[in-house]
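Here the structure is laid out as structure tokens; the discussion comes afterwards.
Where a number appears in this text, it was derived from the coordinates with a stated rule and is not lab data. Source: prediction; values computed, not measured. Virtual Cβ from ideal backbone geometry, glycine too; neighbours counted across all protein chains shown.
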Amino acid sequence: MIGSWWWDLMIGVAAALALTWLVLLITLLVVRPRGRLLREALRVLPDVLRLVRRLAADRALPRGVRVRLGLLLAYLAFPIDLIPDFIPVLGYADDAIIVVAVLRGVVRRAGLEAVRAHWPGTEDGFAAVVRLTGLDRRAAGPASP
């Protein structure tokens, strides 16, 4: 009787973990950069990681922004990913997608000026970050009919 209960619990936990993983994977697919933007995200990822570290240490930014950035750094340091890194391209794509999603929110809360002040890379890389965060569409304004 107890053995059966134990197996039911283990199967339930495994099913819940599998379902949670699937929901997170679908979320990644929904928020991923489209087209060549994913390739750009992978290209500027090292500079973006330095940017995230610098922004997280900036006490002038709102606490919520710094907490998000700290959680992002913790996720990136954690050895277990949604898609294992040994899978070519896709293994690093999940990290890039999560970084872009968090960075979108950070840029909207902290402002582009804060990101610009801490950007460690090239002008071309910064332009890619602007495209990735969607600020180029917002700056262009609504499309005319």
**Study point:** Efficiency of FRET between Leu19 and Arg63 - r from beta-carbon atoms, R0 41 angstrom, step 0.05
**Key:** 0.80
**Study point:** Neighbourhood charge, 15 Å Cβ-Cβ cut-off, centred on Ile80 and excluding it, Lys, Arg +1 and Asp, Glu -1
**Key:** -4
Check your understanding: For the peptides 105-114, 125-134, what is the packing order when you average, over each peptide's residues, the other Cβ atoms within 10 Å and list the highest mean first?
Key -> 125-134, 105-114
**Study point:** Stretch gain in nm, segment Asp85-Arg43, where the contour uses 0.36 nm per residue and the Cα spacing is subtracted
**Key:** 13.5 nm
